[in-house]
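Heads up, the thing below is written out as structure tokens.
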Amino acid sequence: MSSPKDLENLQREIVSLAKRQGDLEEIVLEVMERRESAQERVSELTGRVSAVQAKADDATARRDAAQGELDAEAASVTKERELIAGSVPDDLLKLYDRLREKQGGIGAARLHQRRCEGCRLELDVTEVNEIRASAPDKVVRCENCSRILVRTSESGL
Ligand SMILES: [Zn+2]
């Protein structure tokens, strides 16, 4: 039934199909390679996401722990302050609180080597002499910043 013409056509078609199969196999290989590299990229990125997440979790845990410590310390300091405030005369406590509010949270400062540790200024001779002459229980204040000066053995008086 096959004429030479048909046979020729059939052979041409076989050659063409074989070429087409070769082309398709190449495409399949290329797609598989791309798929493989995409999977590698996915697992690399997944690993990085996990590492970043672990760091974030760690930082959160450390922040929470620090917050807890700060809360405990604040509670302890507040309690301690209440105890001490209870032993300070009312008028002195009022003065201290007023100065503290006005002077950025520090109402009293140590007088160290003739220097007010509140404003960091050195007191002049007259001021030092006045303080030296005043009774130990008298409340003395810095002429510059008005803070209550706390005298110690290292005040330089
Ligand atoms: Zn001062």
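Quick note: the coordinates plus some simple rules give every number you see, no bench work behind them. Fair warning: this is a prediction, and the values are worked out from it, not measured in the lab. As a convention, Cβ positions derive from the backbone with ideal geometry for all residues, glycine included, and neighbour counts pool all protein chains shown.
For the reader, a short list of remarks on this structure follows.
- Short-range pairs are left out: with C-alpha atoms under 8 Å and at least six residues apart, the relative contact order of the chain is 16 percent.
- Separation between Cα centres of the range 80-97 and the range 1-47, rounded to whole Å: 90 Å
- Cα-Cα P(r), the chain, percent of pairs per 10 Å interval: 8, 17, 14, 9, 8, 7, 7, 6, 6, 5, 5, 4, 2, 0
- Rg ratio (alpha-carbon, reference 2.2 N^0.38 Å) - the range 89-151: 1.06
- Whichever lysines have a C-alpha closer than 30 Å to that of residue 138, once near sequence neighbours (fewer than 8 apart) are set aside: 79, 94, 102
- Label-to-label distance for residue 63 and residue 157 is 4.8 nm, based on points extended 7 Å past Cα in the beta-carbon direction.
- Hits among lysines - C-alpha to C-alpha of residue 19 under 24 Å, sequence gap 8 or more where chains match: 5
- Toward the positive end of the charge dipole of the chain, with +1 on the Cβ of Lys and Arg and -1 on the Cβ of Asp and Glu, the farthest Cα among 45, 24, 86 is that of 86.
- Of all DSSP bridge pairs formed entirely within the chain, close to 55 percent run antiparallel.
- Expected 222 nm ellipticity per residue - DSSP helices of 4 or more, -39500 (n - 2.57), all of the chain, to 500: -24500 deg cm²/dmol
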